[in-house]
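Trainee: Here it is, the structure, as structure tokens.
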Amino acid sequence: MNARVTLPASVQIAFVVFTLVLSVSVCSQLTVLVRLNDGQITEELLEADSEKDIITVEFKQADGTLITFLSDFKRRVKIFRALVLGEPEKGQSQYQALCFISHLDHGELIPSEAMARLRQKNPHVVRSAEERRGVEQFTMNMVLNMSRSWYLSTHIRNVCRDARDLVYTRQQDVKHWLDKGVEGSIFEVFPQSLNVSGLQSCSSTTDPWQPCTCTYRLNLEWFPCQLKYCRGQGPNPYKCGIKSCSKGYWFDFYTPYKQLCLWDDDS
């Protein structure tokens, strides 16, 4: 059995939500009830694999969109995937997959080995983040060659396999990876033959078959972003819980048809 940390009574009261179990866990899965920014409640699935050194956060939005966020700590890469339900009455397919790749900064989430040891108390309580980290905006002006994406992260091909070879990233991330020695042939400027600076946004484009600049917004409403430390009888503090955060992400990217960006009409 896992040996749990015994805390003083005052500390137990302060950290009744989540605790860290002092045992060696390779993989773990945690389901958390989370309140979305529109007031809806969803189940968020958090998975950690300390051997592969990854954390995955997955949840379904009120409109049925499935959001997946994978952090690859070994390669310092984060992967966002949105499976957006299509509108057949408007000529769309059953769903559309969007995939965005960016550099993973230090301190964005807790380490995977800490996440693998996380245990939840009161699993029926709806969680809200303790800290809101605002919104980060991305201009996604490059794509990855999926057949060579393993040079960057072995997880990209699995997570983004439904994205029809349009896995977006941005120039500043590409520069960072090239400086780290990543193979440059996996990146391509997109689109190659069109000046996108003068393109209209899809929300202001009326022709469904015209190219335009699409915007997709998503929010991670709850994720473990920082470890908490407690003081016991010894001189050194020890890990005893987590701090939770939320963050918004806006992705601007080229699309060859407004038809592939119909959600932008609702923004």
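Trainee: Among Phe253, Tyr216, Ala114, whose Cα sits farthest toward the positive end of the charge dipole of the chain (+1 at Cβ of Lys/Arg, -1 at Cβ of Asp/Glu, about the Cα centre)?
Mentor: Of the listed residues, the answer is Ala114.
Trainee: Let me ask something additional. So if I place +1 on the C-beta of Lys and Arg and -1 on the C-beta of Asp and Glu, and nothing else carries charge, what would the dipole magnitude of segment 168-227 be about its Cα centre? I want it in debye, nearest 20.
Mentor: About 120 debye.
Trainee: Let me ask something else about it. Assuming R0 = 45 Å, what is the FRET efficiency of Ser93 and Lys239, from their Cβ-Cβ distance, to the nearest 0.05?
Mentor: 0.45
Trainee: Right, another one. Could you pull out every one of the aspartates and glutamates with an alpha carbon less than 18 Å from that of Lys60, ignoring same-chain neighbours closer than 8 positions?
Mentor: Asp38, Glu43, Glu44, Glu47, Glu87, Asp162, Glu221
Trainee: Name the aspartates and glutamates eligible as straight-distance cross-link partners of Lys228: C-alpha to C-alpha under 17 Å, and not fewer than 8 places from it in the same chain.
Mentor: Here the aspartates and glutamates satisfying the reach criterion relative to Lys228 are Glu108, Glu113, Glu130, Glu131.
Trainee: Lone cysteines in the chain, defined as no other cysteine's Cβ under 4.7 Å from theirs: which are they?
Mentor: Cys27
Trainee: In addition: Might you report the magnitude of the Cβ-based charge dipole of segment 9-266 about its Cα centre, with Lys and Arg at +1 and Asp and Glu at -1, to the nearest 20 debye?
Mentor: 940 debye
Trainee: Further question: Dividing the convex hull volume of the alpha carbon atoms of segment 9-266 by its residue count, what do you get in Å³ per residue?
Mentor: It comes to 144 Å³ per residue, whole-number rounded.
Trainee: Then there's this: Rounded to the nearest 500, what is the chain's calculated 222 nm mean residue ellipticity when only DSSP H runs of at least 4 contribute -39500 (n - 2.57) each, over all residues?
Mentor: Values: 4 runs with 24 residues, N = 267.
Rounded to the nearest 500, the figure is -2000 deg cm²/dmol.
Trainee: Using the Cβ atoms and a cut-off under 12 Å, what net charge is assigned to the surroundings of Tyr238, where Lys and Arg are +1 and Asp and Glu are -1?
Mentor: +3
Trainee: Work out how far the C-alpha atoms of segment 177-267 reach from end to end along every principal axis, then list the three figures in whole Å, largest first.
Mentor: For segment 177-267, the Cα spread along each principal axis is 69, 38, 17 Å.
Trainee: Could you name the aspartates and glutamates in cross-link range of Lys180, using Cα to Cα under 17 Å and dropping any fewer than eight places away on the same chain?
Mentor: List returned: Asp72, Asp105.
Trainee: Name the residue farthest towards the positive end of the dipole of the chain from the options Gln233, Ala48, Phe138, assuming +1 on Cβ of Lys and Arg, -1 on Cβ of Asp and Glu, about the Cα centre.
Mentor: Value: Gln233.
Trainee: Also, quick follow-up: Between Lys243, Lys52, Lys74, where does the largest GNM mean-square fluctuation fall for the chain, given springs only between Cα atoms within less than 10 Å?
Mentor: With Cα springs under 10 Å in the chain, the top fluctuation among Lys243, Lys52, Lys74 is at Lys74.
Trainee: Which whole-number percent is the relative contact order of segment 9-266 (Cα, under 8 Å, 6+ apart)?
Mentor: Relative contact order here is 20 percent.
Trainee: Please report, in debye to the nearest 20, how large the charge dipole of segment 121-257 is about its Cα centre when each Lys and Arg carries +1 at its beta carbon and each Asp and Glu carries -1 there. Could you put the intermediate results ahead of the total?
Mentor: Numbers: 17 positive and 12 negative charges, 175 e Å.
Using Cβ point charges on Lys, Arg, Asp and Glu, segment 121-257 gives about 840 debye.
Trainee: Same structure, new question: Around Gln226, with a cut-off of 12 angstrom between Cβ atoms, what is the net charge of the other residues, counting Lys and Arg +1 and Asp and Glu -1?
Mentor: On the way: positive: Arg133, Lys228, Lys239, Lys243; negative: Glu108, Glu130, Glu131.
Taking every other residue near Gln226 into account, the sum is +1.
Trainee: What does the charge add up to near Leu46, with Lys and Arg as +1, Asp and Glu as -1, over the other residues with Cβ less than 13 Å from its Cβ?
Mentor: That works out to -3.
Trainee: To continue, here is another question. Ordered by packing density, taken as the mean number of other Cβ atoms within 10 Å over each peptide's residues, highest first, how do 151-157, 181-187 rank?
Mentor: 151-157, 181-187
Trainee: Now for a separate question. Between segment 90-141 and segment 170-244, what's the alpha-carbon centroid distance in Å?
Mentor: 10 Å
We did not get these values from a lab; they are worked out from the coordinates using the rules stated. Please read all numbers here as calculations on a predicted model, not as lab measurements. All Cβ positions, even for glycine, are placed from backbone atoms using ideal geometry, and neighbour counts span all protein chains on display.
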